[in-house]
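The structure appears right after this line, and notes come after that.
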Amino acid sequence: HNGSGKLQRCVLVSESQGSCALDSLTSFNVLLNPATTPIALGNRRAYGGQTSGGSDQVRFFVSGDWQNEIGPVQMPAFAQTSLVDSMGTPMRDEWLHPEAFQSYSARANLNATLSPKVDLAVTAGYTNTNQRIPQTDNNINSFIYSARNNPGFNHNGVPGMTYSETGSLGEFRNGYGVFSPAQIFQDLNTNGSQRLIGSGNLQWRPFDWMSNQGSMGLDLASVDQIHLCRFNECPNLGTTRQGQVRQNHNNLRNFSFKLVSNSHWQARRDLLVTTTFGADYTNKELDGVFASGTNLPPGAQTVGQAAVQSAANTLQTVDKTLGIYVQEEAAFRDRMFLTVAARTDQNSSFGENFQRIVYPKASLSWILSDEDFFPKYHWLNQFRLRSAYGASGVSPGGTVALRTFQAQTANIAGVPGAPSGTDTPGLIANALGNANLKPERSAEFEGGFDADVFDRAHVSFTYYSKQTHDALISQQIASSSGASALSVLKNLASVQNSGLELEINTTLLNLRRVEWDVTVAASHNSNKIVSLGKDPTGKANATIGTGLYRDSVGLPVNAVFARPYTYSDLNHDGIITPNEVTVSPNYAYAGYSAPRDIFSVTNGLDLFNHMLRITVLTDYKGGYDLYNNTNAFYSANFSSWYSNNVKSTPLWDQARGVANSAAKNPTPSNAGFVENGQFWKLREVSAALTLPHAVAGRIRASDAQLVFSARNLHTWTNYSGPDPEANYSTGDIQQDFSDIAPPTYFIVRLNLHY
């Protein structure tokens with residue numbers, strides 16, 4: 001209550017400043033309450049079968065799979081009642097289960113020996129998927145957004161509070177802050193795709209020392225994305241309930257051809273030389289169409305039925321690559337292997353002033369332990385030293401190098417007979433393009449060794465160092481250029497990347513009835529930007545970007561930046577207020593935005609003469625920072641957020657909220673929500689039991705196996721968001737905003753072999 005005795009919400013800052021007194025605290029979390037949460041137990045079913053057979057001349061393989069998954073997001077019972085009873089709306093399965101996935105696929109392989117010197121292999125595969133996606137993430141219709149916008153209770157009659165349990169449509173919100181799941185889950189989003197893959201491979205061996213191979217492939221995909229709100233459905237936002245539909249349809253085509261010829265020459269008894277000539281061609285095409293409609297009549301759900309319609313074609317993109325390469329391999333005494341090669345590529349996305357790029361390659365592998373001069377150790381079974389150098393590239397892709405135009409209608413000033421002017425179609429600049437555009441080029445050195453030790457362990461170690469030049473960067477241009485696109489893709493940056501990789505496979509215990517094997521994999525990566533090129537005035541770019549993520553010389557790619565702050569509880573009342581927080585006016589580097597350290601341990605235990613195998617996979621990621629946009633947004637924008645109300649909230653948690661709130665701080669800082677993203681995760685536990693032959697025989701199977709597995713079982717982390725792997729972004733940088741954690745799966749599988 002305030003000084004006059006009137007009841008109100010009293011947040012911590014207001015209490016510390018004396019404008020109100022905190023006399024009670026209530027809490028309500030719709031995501032954790034069984035009666036209101038939309039998080040429930042989903043289910044997944046999958047069936048598959050495969051068969052193979054044939055003769056020495058012709059062999060075949062056929063397989064098929066079907067799976068159906070109902071996700072863990074489901075409409076709560078109170079919302080179902082609101083629709084069916086209060087509003088007289090029949091329940092649809094898509095509302096009850098807004099998260100679902102279904103797919104089926106088929107695959108066939110045919111291998112034929114046409115003659116002793118000619119083999120033919122043909123493969124074909126088809127996949128059909130359909131997915132329903134619930135409203136989550138950065139979205140005002142997100143059920144996570146409405147759930148976290150809860151006022152701390154779920155009913156009317158709380159003195160001093162304006163929350164109403166009844167929404168604008170008369171629906172029962174039951175604690176949800178904006179919209180009820182009854183309306184949110186009426187917003188239908190689907191993603192469907194069909195994909196057909198086919199390939200043919202012909203091998204011809206005209207001589208004992210020569211083999212030739214020709215192959216061709218085809219990959220066709222059709223993707224449909226549909227968003228639908230039928231008439232009088234979905235949240236009451238703007239004109240949404242008048243009915244709206246949007247559809248994106250994209251076609252993707254990928255054609256490829258490849259020719260390879262290998263010739264072997266026994267130059268000496270202990271020296272085998274192999275020469276390879278090859279060429280390949282790929283053609284990737286993408287086109288699509290977008291259509292939308294509003295004001296749907298009752299029962300309508302297509303664009304063609306809408307009163308107001310619009311449509312547009314996306315710009316067709318074509319990416320063609322022609323590559324030619326030659327390679328020479330030498331094997332000396334079956335212990336030293338040397339390879340040198342060169343490849344040249346032409347790509348349709350290169351600028352017209354750049355035609356071709358050459359990539360060299362060389363590698364050496366040497367089994368030193370087989371040499372007489374190498375020391376002999378009883379514990380060392382084999383030691384191989386290897387090194388390699390090679391170059392590769394990333395093409396700009398699409399039509400970014402081209403100067404493009406777009407249609408525009410302009411009113412030409414009046415002339416005799418047309419004093420008001422005439423609407424005249426024309427063209428204006430869309431993108432300036434770049435005639436000098438070329439691919440990113442990376443040159444990498446790699447060195448390491450492989451060792452077999454103690455007759456039971458294999459160790460593989462690798463060090464790599466990669467230099468990338470001519471990295472593709474979008475550079476801003478002045479609006480006076482006249483183009484709609486105010487950026488041009490250029491080859492500006494140079495990046496240095498290095499790291500270590502280690503893998504150990506070992507059998508720790510090998511008895512007749514029990515065997516224990518362990519695989520450990522670890523890697524560490526470092527990268528920094530060496531150069532960002534020059535701006536249009538010729539001045540070297542020190543930094544590109546002004547937001548949370550920036551590219552700066554001497555720092556990692558997509559480095560995290562934030563304004564540091566300090567705080568102190570000056571009056572020792574356990575509450576941090578704005579005058580106790582000092583924010584720096586300058587941004588400072590905060591850390592990597594992607595994991596630098598990755599570690600995994602896989603334990604395998606075989607019991608009962610290998611009848612039962614138990615596998616446990618644990619992994620770790622660390623060495624990076626993750627922006628907790630979820631907590632940053634809600635603490636700054638909603639007074640009901642826990643850190644604004646709960647006095648036992650740690651001072652650091654209060655301080656980051658105060659520093660981040662524009663209402664409390666004239667120069668807000670989100671630095672407190674840039675958190676250490678490291679975590680350990682119990683990724684998977686599985687047990688595979690081979691059933692006795694007597695059991696398999698009862699179902700006419702030659703053998704049977706029962707498998708139980710569980711995935712995403714537990715996460716150990718100090719990250720305060722939903723999960724350090726939660727992500728709604730499809731870009732290079734992980735984005736966490738109103739996400740949900742990856743689901744936990746418990747799977748039982750039966751394998752039958754006939």
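Just so you know, all these numbers are worked out from the coordinates, no wet-lab data involved. Predicted, not measured: the structure shown is a model, and the values here were computed from it. So basically every Cβ, Gly included, is an ideal-geometry build from the backbone, and we count neighbours across all protein chains shown.
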The range 561-632, relative contact order [Cα under 8 Å, separation at least 6], %: 28
Going by how many other beta carbons lie within 10 Å of each one, how would you line up 608, 153, fewest first? 608, 153
Send over the per residue convex hull volume for the range 238-298, Cα only, as a whole number of Å³. 144
If contacts are Cα pairs under 8 angstrom and at least 6 residues apart, what is the relative contact order of the range 7-147 in percent? 19
Between 0 and 90°, nearest 10: helix 651-660 axis offset from the chain longest Cα axis: 80
In Å and on Cα atoms, what radius of gyration and Dmax does the range 1-94 show? 28.5, 96
Length-normalised contact order for the chain - Cα pairs under 8 Å, 6+ apart - percent: 6
Counting helices only, and only those DSSP H runs with n ≥ 4, report the 222 nm mean residue ellipticity of the chain as the sum of -39,500 (n - 2.57) divided by its residues, in deg cm²/dmol to the nearest 500. -1500 deg cm²/dmol
At 4 °C and 1.567 mPa s, the Stokes-Einstein diffusion coefficient in µm²/s for the range 107-157, with hydrodynamic radius from the Kirkwood sum on alpha carbon pairs, is 77
Can you give me the long-range amide H partners of residue 533? Hydrogens built in the peptide plane at 1.01 Å from N, cutoff under 5 Å, separation of 5 or more residues or another chain. 494, 541
Just to confirm a number: summing +1 for Lys and Arg and -1 for Asp and Glu over residues other than residue 618 whose beta-carbon lies under 11 angstrom from that of residue 618, what do you get? 0
Exposure proxy check: 229, 10 ranked by fewest other beta carbons within 10 Å? 10, 229
Please compare each pair in 361/528; 361/438; 490/621; 258/534; 466/539; 284/681 to a cut-off of 28 Å on the Cα-Cα distance and tell me which ones are over it. 490/621; 258/534; 284/681
Kindly identify the range 424-521 as rounded, prolate or oblate by the Cα gyration tensor criterion: order the square roots of the eigenvalues as a ≥ b ≥ c, call it rounded if a/c is under 1.5, otherwise compare a/b with b/c, prolate if a/b is larger, else oblate. prolate
Amide H proximity to residue 489 below 5 Å, modelled H, separation 5+ or other chain, gives 475
Towards the positive end of the charge dipole of the chain, with charges on Cβ (+1 Lys, Arg; -1 Asp, Glu), say which of 217, 422, 570 has the farthest Cα. 217
Taking 0.36 nm per intervening residue step and subtracting the Cα-Cα distance, what contour gain separates residue 610 from residue 31 on full extension? 204.0 nm
Listing 633, 143 from the residue with the fewest other Cβ atoms within 10 Å to the one with the most, what is the order? 633, 143
